[in-house]
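Where a number appears in this text, it was derived from the coordinates with a stated rule and is not lab data. Keep in mind the model is a prediction, meaning the values are calculated, not measured. Heads up, the Cβs are rebuilt from the backbone with ideal geometry, glycines too, and the neighbour counts pull from every protein chain shown.
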Amino acid sequence: MDIGVDGGEKTLRVLYISPTAPPSVQGTDGLFTEIGYLRDFFAGDMISLYPARSLPPLIPVSLLGIHQIPALKKYNRDVDIFHLFFPYPANFRVLRYISKPIIYTIISGMDAKIRPRSMPPCTLVVSSWHEAEILRARGFPKVHVVRPGIDLSRIQVTKPPQLDSEFVLLAGSAPWTRGQFDTKGFNLLLKALTRLPQIRLICLWRGKLFREWSDRVQSFGLADRMEIIQEKVEISGVLSRCHAAVVLSAAADQVKSYPNSLMEALAAGRPVLISRSNPMSYYVEDNGCGKVIEDLCLEELINAIREIMDEYSAFKRAALQAGRGLSATQMIDDYRKIYQNVI
């Protein structure tokens, strides 16, 4: 039996379960863009585990989604597969009300987190073989690897600006909390700009902590070298003004495994800088399309930026080649095969 393709085959019914409510500005969150590609293809509904977009982190993880029990009971009668997205493996009690197959996509990287003592039967999906090996070693045999993807046809850019007086970096995955100014490397980027006067930064923001970030930029005297974009924009236009993109994180669970801003940058032929904690770092390393930052260290970041600037033509060619392997079409087909397998 084949599913989800043209030709009169069985229509698959999928319910997608997101970890949070959709962003207030549609199209500004990479995970919901990814789920959107799948929903467009498989025509599935979506619900979220969190009851509110701004809920404080007081509810134990295991109890997330309990407000959705009536809905899940109904969907359990109507759908073929439940597809859950969450940063790491967790034993959600609400999944006990599901008898249909569950696909559980881990949307962040795997680190030294203690695995749950038990989980409902499910098929796990990660974005790299490195993560799959970690999970299998922890006793999870059903692990598939699906690399996230984007709509490559949307990326239509002009040549990057000439490398004469400035080098423009695009920074995505903005902080959600004040502590993430450090753990997502944004304070580090400010320090790097003070050491590298030819660098300008364009930040894709989400509306949160905008005033605090603006104050930090002002305190470093960098307002004339910083652009902060708070609304949804056509990313091709932004990338046309950039030379490279950066996403940093001290921990694996703070950033989506394949940040959309970096996938879009590679599709545009822009090299990337990424932390080792992120699974995409192995893809970047294997393809030579950017630099991997092992630790959030100022000297390491500065040296990586300088190396990309010095060998920019080679990194740019590698980025364009690597970007071709990040298509939403391939991601959808990989999930279609997993769906077929579990039903």
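Summing Lys, Arg as +1 and Asp, Glu as -1, what charge do residues with Cβ under 11 Å from the Cβ of ARG200 carry, ARG200 excluded?
That sum, taken over residues with Cβ under 11 Å, equals -1.
Measuring from a point 7 Å past the Cα of GLN198 along Cα-to-C-beta, which residues in region 241-264 have an amide N at less than 16 Å?
Counting backbone N atoms under 16 Å from the label point, the list is 242-244.
Mind giving me the FRET efficiency for ARG93 and LYS142? R0 is 22 Å, r the Cβ-Cβ distance, nearest 0.05 is fine.
Between ARG93 and LYS142 the formula returns 0.60.
List every residue whose amide H lies under 5 Å from the amide H of CYS203, counting only residues 5 or more places away in sequence or on a different chain, with H placed 1.01 Å from N in the peptide plane.
Under 5 Å from the amide H of CYS203: ALA171, GLU227, ILE228, ILE229.
Where the centre of each part is set by its Cα atoms, how far does region 83-103 sit from region 120-162, in angstrom?
Cα centres, region 83-103 to region 120-162: 19 Å.
Taking amide H atoms as placed 1.01 Å from N in the peptide plane, list the residues 5 or more away in sequence, or in a different chain, whose amide H sits under 5 Å from that of MET46.
Residues meeting the amide H criterion: TYR16.
Return the lysines within reach of LYS73: Cα separation strictly under 22 angstrom, same-chain partners fewer than 8 residues apart disregarded; answer none if there are no such residues.
Candidates past the 8-residue exclusion: LYS100.
Using Cα-Cα distances under 8 Å and only pairs 6 or more residues apart, what relative contact order does the chain have, in percent?
Once normalised by length, the contact order is 17 percent.
Rounded, prolate or oblate: pick one for the chain, where a ≥ b ≥ c are the square roots of the eigenvalues of its C-alpha gyration tensor, a/c under 1.5 means rounded, and failing that, prolate if a/b is larger than b/c, else oblate. Walk me through the intermediate numbers first.
Numbers: a/c = 1.91, a/b = 1.61, b/c = 1.18.
Prolate is the answer for the chain, as a/c is 1.5 or above and a/b outweighs b/c.
Full-extension gain between ARG154 and ASP78, please, as 0.36 nm times their residue separation minus the C-alpha to C-alpha distance. Working shown, then result.
Details: separation 76, 0.36 × 76 = 27.36 nm, distance 3.42 nm.
Length gained, ARG154 through ASP78: 23.9 nm.
Please state the charge dipole magnitude for the chain, taken about the Cα centre, from unit charges on C-beta atoms (+1 on K and R, -1 on D and E), reported in debye and rounded to the nearest 20. Could the numbers behind the result be given before it?
On the way: 41 positive and 35 negative charges, 214 e Å.
Magnitude of the dipole: close to 1040 debye.
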